[in-house]
1. Can you name the residue in region 220-257 that is touching a Pro at 6+ places or on another chain (Cβ under 7 Å) and among the small types (Gly, Ala, Ser) and, of all such residues, is modelled with the highest pLDDT?
2. Is there a residue in region 109-122 that is open to solvent by less than 60 Å² (accessible area, probe 1.4 Å), under 29 Å from the mean Cα position of the chain (by Cα) and touching a residue at least 40 places away in the same chain (Cβ under 8 Å)?
3. Just checking, how many residues over region 426-462 are open to solvent by 40 Å² or more (accessible area, probe 1.4 Å) and in contact with a His (Cβ under 7 Å, 6 or more places away or on another chain)?
4. Can you find a residue that is touching a residue at least 60 places away in the same chain (Cβ under 8 Å), in contact with a Pro (Cβ under 8 Å, 6 or more places away or on another chain) and on the phi < 0 side of the Ramachandran plot anywhere in region 53-71?
5. Mind listing just one residue for me: the one in region 312-339 that is open to solvent by 70 Å² or more (accessible area, probe 1.4 Å) and not in a strand (DSSP E or B) and, of those, modelled with the lowest pLDDT?
6. Do any residues in region 327-343 that are in contact (Cβ under 8 Å) with a residue 12 or more places away in the chain have Cβ atoms under 7 Å from those of residues that are among the aromatic types (Phe, Trp, Tyr) and assigned to a loop (DSSP other than H, G, I, E, B), where the two are at least six apart or on different chains, and which pairs are they?
7. Looking at region 132-149, is at least one residue free of Cβ contacts under 8 Å to residues at least 24 places away in the same chain and either in contact with a His (Cβ under 9 Å, 6 or more places away or on another chain) or open to solvent by less than 60 Å² (accessible area, probe 1.4 Å) (or both)?
8. Which residues, counting only those in region 344-361, are free of Cβ contacts under 8 Å to residues at least 40 places away in the same chain and over 21 Å from Gln147 (Cα atoms)?
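The values are calculated or read from the model by the stated rules, or taken from the named source; none is laboratory data. The shown structure was predicted, so the numbers you read here are calculated from the model rather than taken from an experiment. Cβ sites come from the backbone with ideal geometry, for glycine too, and all protein chains shown count toward neighbours. Each accessible area value is taken on the protein alone, full model and side chains, heavy atoms only, with ligands, DNA and RNA left out. Shrake-Rupley method; radii C 1.70, N 1.55, O 1.52, S 1.80 Å.
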Amino acid sequence: MIRFENVSVTYDGMPEPSVRGVDFEVLEGELVLLAGPSGVGKSTVLGAVSGLVPHFTGGTLHGRVTVAGRDTRTHKPRELADVVGTVGQDPLSHFVTDVVEDELAYGMESLGLPPDVMRRRVEETLDLLGLAGLRDRPISTLSGGQQQRVAIGSVLTPHPRVLVLDEPTSALDPAAAEEVLAVLQRLVHDLGTTVLMAEHRLERVIQYADQVALLPGPGEPPLLGTPAEVMAVSPVFPPVVALGRLAGWSPLPLTVRDARRRAAGLRERLADAARPPREPARETAEDAAPAPFGRRLFKRTETDASTPAPVAEVRSLAVRRDRIQALRHIDLTVAPGETVALMGRNGAGKSTLLGALVGLVEPSAGSVRTGDAVPHRTRPRDLVRRVGLVPQEPRDLLYADTVGAECAAADRDAEAEAGTCRALLSELLPGVADDTHPRDLSEGQRLALALAVVLTARPPLLLLDEPTRGLDYAAKARLVAVLRGLAAEGHAIVLATHDVELAAELAHRVVLLAEGEVIADGPAAEVVVASPSFAPQVAKVLAPQQWLTVSQVRAALS
């Protein structure tokens, strides 16, 4: 169905190809997972299937890509639209209409399908993706995860023979991700749909793949094999595979079920080890190892550490947005040096709560304070020294034409010494030139730039909304190290995330939201282990013992 024949792609102005030697076939009715570290060209490979590369992106494509017998060099994306459905990393860039139901119908209208067929398929898709309650909602009022499901639904309704998906579960909560992947399974097994998917969260998708195409490094040819074969040599792998490697299991497990069947001996060894910590260690500024940055950004004195004032206080907060009760009866206190993970289904109110803390959302009732400020009543130039937000889309913070200009603007806005932002970025992201345009950065690189911009003002409270979207495991590990260093220096961190592995690795507390209300608030180990949806893979494998991460297990065994 999809055939790559010795394909390489070189973008204009680049000395080397982004991908080269891509030579494999995806059979009809197969689900093939495209894996590899960030920046190895996965999105380029996907774009070559839909014709976006090179017709839309520019550059030169050598070799040949055929889809259902059509050569993508001679067929533009619109000439492949009846065969290929594509969802990119940024669903907002794909939306054509304003309302959910209209968006689901648009692709079929473009193909001229009869109205009765369109109506039936819209209803089927609303049910398949759990969107029936959102059919009349403006797309702009949906959460990021809800928008992701609408984007997927909009390419399902025309019934394409090939689906190309770039990070399809990155913005979805665990339950919604399982629903979407179950739909893809039905399409593959029941209808013979061919799926080529790139995804960094391998723990969610590896068990569904028939084949894995691994791009090991920039410009290196892909390795194609079964999931077990590829995971044995892959530089990127999910926690359950990391646990299998640590325990010496062969073949490596790909699912929690496989791992639990082999874990009896490991659980016995761990039972004799020290019990896992109830929460990640919280060092004082004096005890902390050198932070990831060259200098302290925020340091507590001994008196501060003994009686710290809260960095943020939320009392009886309610927020109503566009006739939707987004938050109700929220009480939350965040202390210096504390890392809090906000978790819950898409649309539960996580981003709204972050918006209230940074002054973007005005309370309908109750109160919000960050330090001595009421966020929505404080001038932005004063608020940046108290609280900073890195949004779901880091590009929303980036408006200059170069990285250097972005850093200079951050210094001016924060009234910081010239070069402050650039120094932070150099330690977060070495090797990025000042004249690079932010749009030419990868998702992970844009996140690092946005984080440096926000940290230039040294806010005591740092907010992050879905910070691991688009990050591979290595980039996520670097982010964890940075955030741990900031917490050790006294920064409070509140992050809204669907990434259960990130919460397990980083959070002292987990606050679980549902329908705009707090339904659980406690130590990370207690909250996530008690939730089948939000428990990390290691916790599921080793339950009832409360181990959360591979690093905890490794430390105990050593």
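1. Only one residue fits best here, namely Gly244.
2. no
3. Count: 0.
4. First, the residues of region 53-71 that are touching a residue at least 60 places away in the same chain (Cβ under 8 Å): 64-68.
The next check asks that each one be in contact with a Pro (Cβ under 8 Å, 6 or more places away or on another chain); those that pass are none.
Within region 53-71 (the criterion being touching a residue at least 60 places away in the same chain (Cβ under 8 Å), in contact with a Pro (Cβ under 8 Å, 6 or more places away or on another chain) and on the phi < 0 side of the Ramachandran plot), the answer is no, since none of the residues qualifies.
5. It comes out as Asp322.
6. Close Cβ pairs (under 7 Å, with a partner that is among the aromatic types (Phe, Trp, Tyr) and assigned to a loop (DSSP other than H, G, I, E, B)) amount to Met343/Phe534.
7. Taking region 132-149 as the starting set, the residues that turn out to be free of Cβ contacts under 8 Å to residues at least 24 places away in the same chain are 132-133.
With either in contact with a His (Cβ under 9 Å, 6 or more places away or on another chain) or open to solvent by less than 60 Å² (accessible area, probe 1.4 Å) (or both) added as a condition, the list becomes 132.
Looking through region 132-149, at least one residue is free of Cβ contacts under 8 Å to residues at least 24 places away in the same chain and either in contact with a His (Cβ under 9 Å, 6 or more places away or on another chain) or open to solvent by less than 60 Å² (accessible area, probe 1.4 Å) (or both).
8. The answer is Gly359, and nothing else.
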